[in-house]
Amino acid sequence: MQVFKAFFKIIVKNLGQILIYIVVFLSVTVALTKLNNTADYTGFTETKVNIAFINNDEDSWLVEGLRNQLLKHTNIISVDDDTRKLQDALFFREVEYIVRIPHGFAEKFLNKEDVTIEKTTIPNSSREIYIDMLINKYLNTAKAYISYSDGLSGETILSQIEKDLAQETKVSMAFPTDNITLIEQRAFFFNYLAYALFAVLILGVSSVMMVFGKPDLKRRNLCSPLRQREMNFQLIIGNVSFAVITWLLLSITGFFLFGSYMLSLNGLLFMLNSLLFTFAALSISFLIGNVVKTQNAMHAVTNVVALGTSFISGVFVPQDLLSESVLRIGSFTPTYWYVVNNNTIANLVNFSTEKLVSIFGNMLIMSGFTAAIISITLVITKQRRTSN
Amino acid sequence: MVLRNYFYRLKCIVRDRHSMFWTLMFPLLLATMFHMAFLNLSNGLNFSQIKIAIVDIDEYRNNTGFVSAIEAVSNTDENQKSDALFNLKYTTLEEARKLLDDDKIEGYIICDSEIKLTVKETGINETIIKSFLDYYLQTSSTIGTIAGVNPEAVNKGLIETLSDKADYLKEIAYGKSEPDSTVVFFYSLIAMTCFYGSFWGLKEVTALQADLSYEGARLSVAPVHKMKMFISSFLAAFTVELIEVFLLISYLKFILNVSFGGELLYILLACITGTFTGVTYGTFIASVVKGGEGIKIGILIGTSMTMSFLAGLMYEKMTYS
């Protein structure tokens, strides 16, 4: 097993640069899952939008009531009333909606004059529509009371409005769901794994293949007593075991982060999915290793391929937020199918045949990539061998 | 002598394919990736009609108030509106469950003795559905209360007032262009590119110092003032990096249409300063750090990445306090 041993000797020589990717992956995922442990909830909770509430009017029961209503359904963040600071807060999404009550609002409203509240927001967003709804709801109700029940004091009207607006619809969850943060964390972990794994495999595999591909060394090896077939076989074993070790190392972290979940059906699907992706990534790394000639080119290719495929397949930015055309390009990489599966598996509670068929279908596509890329590599190496 | 060396160094730099990749192609590629990834990000937050289903049962049909309230804000098969809140389907309970499971709808409503909403996840769309249904209940409660005190009101247009749903909000924009936080990523990318000028600074000092390269040893015995050599080499590195940064900015501005607001002139000025800092940073590391080129490049990448991180290359809220 000289070739096999040589394979891992070269890997150990290059361990430094490989470890960078592993360490970054581990620290990012561990930090994110450990720091981002929000309250444990499983039922339905309203989404609370962060808003800023600025009152340029005098204090009145009307405005105070509006503020209290908003407090119930949103997070009011205090931001200084300074155009620049408000602009910054909106830009960095510290708040997503700024409400400004103009001077004289309450008085005009109570006199049934036409008035408006100023809002600054991210135009056309769902959040805008929601907050608009909350504010209009309160003011419309207030208007009804002011118009149709003469002589009621402000406090009485306010308590009536509060009583009315306390009415709530019953919301139930269709399926028992897990903590939403956990679902997101698991999906993030396995999605991000694609980047780290890909980078490590390209670096490791191509640094070895480059050595074995050096013309002088190759000629020397060809006249060794070891049969060519035996040598290739050992190289393949080396590649596969390197890939599996990397996969084990990275995915075992999942056990530390998510515990017994990894042994559930979802966890096992995650593992299977990432293993199949590992083989697809290995085949691409093998192709790169056979084509690339220098160390410098190897680093460039690692960054472009690992980063590029991750970006267009939804590893860093969720697939829902990518445009159709980007996703279509992304679907030409195995990473895309891997991420699609991860997102499905993370949300999978109802193991219907339809869902499982689609998951296994995507796995089949990934395996198809593996087979196709290996064939291409074999054709290229064969051509090289015969043309030399 | 200064000019001749300047042109020689320009040639040397441009022919260094490896460093050209990292200082020019890599930022361009990253910019393209950012662009592709963020293309839809602002649209992703955009509101699109929420798909819901209502379980079609007699109790629902008999509740005419609710039927008209929800149909008024929904697109149904017969009735299409452009500003509708919901996209409504009438189904059976089993169908609704199946649609929800397949993510075809965000929630379904059962209206028998009371109105009940069933959803699959928690999010802004589910919250909007709930808020709408709440409003229906709340309005009914308001009508009940007012009619109790002032029975005349119902005839005097109370229901119209409440179902009129006046809009009290007026949009006031602060800046000239819409807030787009993704631009932070492009700014930090430009900063990173400026700092990649340090690779050229490193290359130039290595080529000048007698203890770092044979080239440097040869130059050191030449009867030329070392400052002249350094300045011309430095200028060559500065020129190339500045052109690369400008190429990146043109690419961002004209091909990817990144909106920099009206501050382009300031950005260009910052780029000139940034490139100067970047190149001198490289010369600094190359002269101060003892060790091989690998270590120096490692330090350059490590420190410039840390600085890019602190500037928000990976996390846009970094610069916001």
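At a glance:
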read-out: Global form of the stretch A:52-98, assessed from the alpha-carbon gyration tensor, a/c cut-off 1.5; value: oblate
read-out: Spin-label pair A:GLU118/A:SER358, simplified geometry with 7 Å Cα→Cβ offset, distance in nm; value: 4.7 nm
read-out: Restricting the stretch A:145-221 to GluC sites (Glu not before Pro) in coil, as DSSP defines it, with at most 10 other Cβ within 10 Å; value: none
read-out: Relative contact order computed over chain A (Cα-Cα under 8 Å; 6+ residues apart), in percent; value: 19 percent
read-out: Excluding exposed DSSP-loop trypsin sites (Lys or Arg not before Pro) (at most 10 other C-beta within 10 Å), longest clean stretch of chain B; value: B:16-175
read-out: Sparsely packed trypsin sites (Lys or Arg not before Pro) within the stretch A:79-126, loop by DSSP, other Cβ within 10 Å at most 12; value: A:LYS112
read-out: Given chain B, longest segment not containing exposed loop GluC sites (Glu not before Pro) (DSSP; at most 16 other Cβ within 10 Å); value: B:115-262
read-out: Cβ-placed point charges (K, R +1; D, E -1), dipole of the stretch A:49-165 about Cα centre in debye, nearest 20; value: 380 debye
read-out: For B:140-152, mean number of other protein chain Cβ atoms within 10 Å; value: 4
read-out: Nearest-10 value in Å² for the accessible area of B:SER250, using the 1.4 Å probe; value: 50 Å²
read-out: Surface accessible to a 1.4 Å probe, B:PHE7 within the full protein complex, Å²; value: 110 Å²
read-out: Cβ-based net charge around B:GLU94, under 14 Å, with every Lys or Arg adding one and every Asp or Glu removing one; value: 0
read-out: Scattering profile of the protein assembly as shown at q = 0.06, 0.07 Å⁻¹ [log10 I(q)/I(0), Debye over alpha-carbon scatterers]; value: -0.49, -0.64
read-out: Cα gyration tensor, the stretch B:50-164 - rounded (a/c under 1.5), prolate or oblate; value: prolate
read-out: Spatially proximal aspartates and glutamates relative to A:LYS382 (Cα-Cα < 15 Å; intrachain offsets below 8 disregarded); value: none
read-out: Exposure rank, largest accessible area first [A:TYR261, B:TYR251; 1.4 Å]; value: B:TYR251, A:TYR261
read-out: Angle in degrees between helix A:334-346 and the longest Cα principal axis of chain A, rounded to the nearest 10; value: 50 degrees
read-out: Cleavage-rule hits, trypsin sites (Lys or Arg not before Pro), the stretch A:214-303, DSSP coil, Cβ neighbours within 10 Å at most 14; value: A:ARG227, A:LYS293
read-out: Per-pair calculated FRET efficiency, R0 = 25 Å: A:TYR261 and A:SER331 via Cβ, rounded to 0.05; value: 0.30
read-out: Chain B: angle of helix B:226-250 to the longest principal axis, Cα-based, in degrees nearest 10; value: 20 degrees
read-out: Cα long-axis angle, helix A:265-291 against chain A (0 to 90 degrees, to the nearest 10); value: 50 degrees
read-out: Exposure of A:MET210 as accessible area (Å², to 10), given a probe of 1.4 Å and all protein chains; value: 30 Å²
read-out: Inter-probe distance in nm under a simple model that places probes 7 Å from Cα toward Cβ, at B:LYS290 and A:VAL28; value: 3.7 nm
read-out: Three-way shape label, the stretch A:49-165, alpha-carbon gyration tensor, a/c 1.5; value: prolate
read-out: Those aspartates and glutamates that a straight Cα-Cα span of less than 19 Å connects to B:LYS11, excepting residues fewer than 8 apart in one chain; value: B:GLU204, B:GLU215, B:GLU241, B:GLU244
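The values are calculated or read from the model by the stated rules, or taken from the named source; none is laboratory data. Everything quoted here is computed from the prediction, not taken from an experiment. Virtual Cβ from ideal backbone geometry, glycine too; neighbours counted across all protein chains shown. Note: accessible area is taken over every heavy atom of the protein model, side chains too, but ligands, DNA and RNA are not part of it. Shrake-Rupley method; radii C 1.70, N 1.55, O 1.52, S 1.80 Å.
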